[in-house]
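Structure record follows, encoded as structure tokens.
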Amino acid sequence: RPGVLERIDRPPAGAKTPGTLTLSTGVPLFLEERQEILRRYPLHATLAPGSAWAVLPLLTPQRGVGACVLSYDRPHRFGPEERATLTALADLIAQALSRARQYDTASGLARDLQDALLPHRLPRVPGLETAVRYLPAAEGLAVGGDFYDLIALGHHRVAAVVGDIQGHNATAAALMGQIRTAVRAHASGGADPRRVLALTNRLLTALDTELLASAAYVRLDPRRHRALLASAGHPHP
């Protein structure tokens, strides 16, 4: 029926429903017979199936995150042991939901930080076709310290760099931004590839971080068909 899911899924916070009641009191609600459900919650009884309900608040130390409703197709007596088991189950569900939300928030912030620190577009270089694709090596590790850049050096030359910072979190992403900025600054200043990586390594040492970094840097001259490569612990291209 139109609107049924909305009425069940998103009732107003002040609505008198089994879920909002358990959330406001923090006490599980056990309805053992259909007649009791009809008497206490006639609207929801007509919208939801079941002859017995266990309505469990999902609570964390910070806040309530929702309610879990278990529906039984026949009248059901909830003994003390079963009530304790269901209450413990609700605690586990609430903890899992809270951790998932925290992970999503932290992951989203780190992803936004990473996106802001990586180049949004590559410079056009006459005589050179360029493309980039950022693809995590494993599922769930989409945020981290991997970086790349293409730097126009003038005189028809260009520098390309790829690197990796240890870790897959916001700390690694932040350090990646510092390293990439240092590489770009030294490259634009005219340093040769070996000197670029040496100066960047000085910055990494000065930051006194426990994270490790690797990078491969190549200076290209498309007109003269020359390339000069330097690597700092990074796999060769």
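The values are calculated or read from the model by the stated rules, or taken from the named source; none is laboratory data. Please read these numbers as outputs of a predicted model, since none were measured by experiment. Reconstructed Cβ throughout: ideal geometry from the backbone, glycine too, with neighbour counts over all protein chains shown.
Okay, residues lined up against (1) of a type in the set (Gly, Ala, Ser); (2) under 23 Å from residue 107 (Cα atoms); (3) assigned to a helix (DSSP H, G or I):
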{"position": "152", "(1), (2), (3)": "yes, no, no"}
{"position": "163", "(1), (2), (3)": "yes, yes, no"}
{"position": "172", "(1), (2), (3)": "yes, yes, yes"}
{"position": "184", "(1), (2), (3)": "no, no, yes"}
{"position": "190", "(1), (2), (3)": "yes, no, no"}
{"position": "194", "(1), (2), (3)": "no, no, yes"}
{"position": "201", "(1), (2), (3)": "no, no, yes"}
For the range 59-66, does any single residue satisfy the condition of being under 19 Å from residue 22 (Cβ atoms), aliphatic (A, V, I, L, M), under 23 Å from the mean Cα position of the chain (by Cα) and in a helix (DSSP H, G or I)?
no
Scanning the range 67-88 residue by residue, those surrounded by fewer than 14 Cβ atoms within 10 Å (Cβ to Cβ) and part of a helix (DSSP H, G or I) turn out to be 80, 81, 82, 84, 85, 88
If you check every pair at least six apart or on different chains, which have Cβ atoms under 6 Å apart with a residue in the range 17-28 that is in the same structural domain as residue 61 (by TED's automatic domain parsing) and surrounded by 13 or more Cβ atoms within 10 Å (Cβ to Cβ) first and a residue that is modelled with pLDDT of 85 or more and in a helix (DSSP H, G or I) second?
28/87
If a residue has to be surrounded by 15 or more Cβ atoms within 10 Å (Cβ to Cβ), among the hydrophobic types (A, V, I, L, M, F, W, C) and at pLDDT 80 or above to count, how many in the range 38-61 make the cut?
7
Scanning for something in a helix (DSSP H, G or I), at pLDDT 90 or above and either touching a Pro at 6+ places or on another chain (Cβ under 7 Å) or in the same structural domain as residue 170 (by TED's automatic domain parsing) (or both), does the range 89-112 turn up at least one residue?
yes
Look at residue 158 and say whether it is of a type in the set (Val, Ile, Thr), touching a helix residue (DSSP H, G or I) at 6+ places or on another chain (Cβ under 7 Å), at pLDDT 90 or above and not in a loop (DSSP other than H, G, I, E, B).
no
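How many of the residues in the range 154-165 are more than 15 Å from residue 229 (Cβ to Cβ) and more than 29 Å from the chain's Cα centre (by Cα)? Break it down stepwise before answering.
Here is the first cut: in the range 154-165, the residues more than 15 Å from residue 229 (Cβ to Cβ) are 154-156, 164-165.
Keeping just the survivors that are more than 29 Å from the chain's Cα centre (by Cα) gives 154-156.
Matching residues across the range 154-165 total 3.
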